[in-house]
Amino acid sequence: MSAKTYPGFDAVKARGWLAAHKWLLVRRAVQLSILALFLASPLLVPYTGAWILKGNLTSSLILGTVPLSDPFIVLQSLLAGHLAAGTALIGAAIVLVFYALVGGRAYCSFVCPMNIVTDASLWLVRRFDLSKGWQPGRETRLWILASVMVTALITGIMAWELLNPVTILHRGLVYGVGYVWTVALAVFLYDLVVSRRGWCGHLCPMGAFYGLLGKVSLVRVSAAKRQACNDCMDCYAICPEPHVITPALRGADGGVGPIILSGDCTNCGRCIDVCSKDVFAFDVRFNNASTDDKFNDKDKMISTDRHAA
Ligand code: SF4
Ligand code: SF4
């Protein structure tokens, strides 16, 4: 067997570089396109007749008609006692339904601008085999999420939004505020030096909020061909939340289906990219019968047919 140099090495050999980075490229294209639409919309008005996308990730309007609002921020606003405009509530409902379909933390992997920063840090950690550093408990971000909401309720102030690195970074990129780079650099260095995948994986309350939504979302990743797994561990090495993989991949004996049901999974698709055995694919949460089960069912049917004969 050839010496492996990085997760996905075998997938690149088997399918080529482009196919082995497909979902990574799609995610980057989506992240940059959203940013480009916010920035280019005013320039395109002479051709489109209206802003394609106006506002920012907190609150925006598509073509001057369809509102979009971040439900995490609308919820803080309501708890703080601010009367939300009808359009804000409709916008939040649209966004909630969207992520209930495509996966709550798809926000993290396909939309949040901080994802590029934290992925860059993680790439360096892997590249130079740096230490994991301090790893707070996974429930920490849930406690922070609860604190954010309780603070809004008690003080009547959306205090977290004064600090939220995601909001600050996105507004800074759209409106050209210089100090956002300090925020991005702080998260980058925190993930690099203090805690591997520390911000998104353990602290960010937005990630926690969208993770809760992900617990019921329709589109999930499935380890449908887990019988083909050769234990190369590339999916674990590339996954930003590797604890979500085990129940789906190793669940055969425990009767657990192949769908990754954890809300922590970001639906980033990197496990699909790097698996040279094509074990993973996007699916829907209800299709939770494994190929093992189907195989066994088929075996049972053949055996029953033989007995009947
Ligand atoms: S965890 Fe937070 S910062 Fe990280 S990608 Fe998700 S929303 Fe963005
Ligand atoms: S299980 Fe796959 S899709 Fe989910 S976070 Fe991990 S690499 Fe991404």
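Every number in this text was worked out from the coordinates using simple rules, so none of it is lab data. Keep in mind that this is a model prediction, so the values were computed, not measured. All Cβ positions, glycine included, derive from the backbone under ideal geometry; neighbour counts span all protein chains shown.
Data for the structure
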quantity	calculated
Within-11-Å neighbourhood charge of SER77 [Cβ basis; K, R +1; D, E -1]	-2
For the chain: rounded, prolate or oblate by the Cα gyration tensor [a/c cutoff 1.5]	prolate
Charge dipole magnitude, Cβ of K and R +1, D and E -1 - the chain, Cα centre, debye nearest 20	360
Cysteines (scope the chain) whose Cβ has no counterpart Cys Cβ under 4.7 Å	CYS108, CYS112, CYS200, CYS204, CYS229, CYS232, CYS239, CYS265, CYS268, CYS275
Relative packing of 69-79, 103-113, 84-94, which averages over residues the other C-beta atoms within 10 Å, highest first	103-113, 69-79, 84-94
At R0 = 51 Å, FRET efficiency that the Cβ-Cβ distance of ALA84 and ALA289 yields, to 0.05	0.75
Full-extension gain in nm, LYS215 to TYR179, via 0.36 nm per residue minus C-alpha separation	9.4 nm
Extreme residue, positive dipole direction of the chain, given options LEU39, THR167, ILE90 (C-beta unit charges)	LEU39
Crossing angle, helix 165-175 versus the chain [Cα axis fit, 0-90 degrees, rounded to tens]	60
Student exercise, segment 219-296 dipole from Lys, Arg, Asp, Glu Cβ charges, in Debye to nearest 20	140
Degrees, to the nearest 10: 114-127 long Cα axis against longest axis of the chain	50
Selection from TYR236, CYS268, SER222, by position along the positive dipole direction of segment 219-296 (Cβ)	SER222
Unsatisfied cross-links (Cα-Cα over 22 Å) in the set LYS22/LYS132; LYS13/LYS225; LYS22/LYS225	LYS22/LYS132
Student exercise, segment 1-102 dipole from Lys, Arg, Asp, Glu Cβ charges, in Debye to nearest 20	460
Summed side-chain charge close to ASP119 - residues other than ASP119 whose Cβ falls under 11 Å, Lys, Arg +1, Asp, Glu -1	+4
Stretchable slack from VAL45 to VAL194, in nm (0.36 nm times residue separation minus alpha-carbon distance)	49.1 nm
Estimated FRET transfer efficiency when R0 is 45 angstrom, pair ILE154-LYS22 (beta carbons, to 0.05)	0.45
Per-peptide average of other Cβ atoms within 10 Å, ordering 218-230, 55-67 highest first	218-230, 55-67
Other-chain or far-sequence residues with amide H under 5 Å of VAL284's (modelled H)	ARG220
Segment 76-110-segment 154-193 distance, computed between alpha-carbon centres (Å)	20
Spin-label zone in segment 61-103 - amide nitrogen under 13 Å from a point set 7 Å from the Cα of LEU37 along the C-beta vector	61-69, 95
